[in-house]
């Protein structure tokens with residue numbers, strides 16, 4: 001198992017690094033037999049420490065956890081607890097190898113796209129209404145929109161900790177997202193309210 005620990009805070013002691021690597025390996029081995037990569041990144045967050053940790057199950061899926069605390073070790077403990085909770089919630093499906101094989105993320109049906117981070121600061125103090133071309137792009141990254149079932153998309157959203165995710169369902173663009181009440185929302189532009197009521201639970 002390959003584990004990469006990055007210390008951007010400059011305060012990670014060697015013996016704590018060893019404990020963290022052993023802890024990550026122990027969690028990963030509870031759910032997977034091998035061939036798994038993982039990483040943990042530590043940064044300062046004011047007077048606290050932040051940890052972002054991830055277990056990379058396959059080329060298309062990483063399970064993530066994050067934590068913040070007054071010490072590096074406590075920040076890691078918080079992050080690994082969140083990560084393991086996600087692994088435990090989906091243990092049955094994650095152990096089903098076919099749920100993670102490339103045929104469940106059909107590359108021939110995927111769409112490559114660009115994701116942008118834009119600034120909310122106005123570029124123009126005039127009275128004209130801004131349009132899409134007027135925004136300030138501060139970051140961009142490549143993303144792939146895969147063909148998934150709704151249940152797969154909801155699982156991947158939960159595992160990655162992302163706030164929202166686009167996916168293709170029967171060739172149409174859909175989105176799952178985190179609701180304020182803790183549940184996961186699903187948007188399908190092709191379904192009206194009346195049509196959605198008729199969709200059987202196992203059809204997703």
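Any read-out appearing in this document is the output of simple, stated calculations on the displayed coordinates, not a laboratory observation. Keep in mind it's a predicted model, so treat the numbers as computed, not measured. Because the Cβ atoms are built from the backbone with ideal geometry, glycine has one as well, and the counts that use them run over all protein chains shown.
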Legend entry - Where labels lie 7 Å past Cα in the beta-carbon direction, separation of residue 142 and residue 172 in nm: 3.0
Legend entry - Percent of Cα pairs exceeding the 19 Å cut-off, where the set is region 1-76: 32
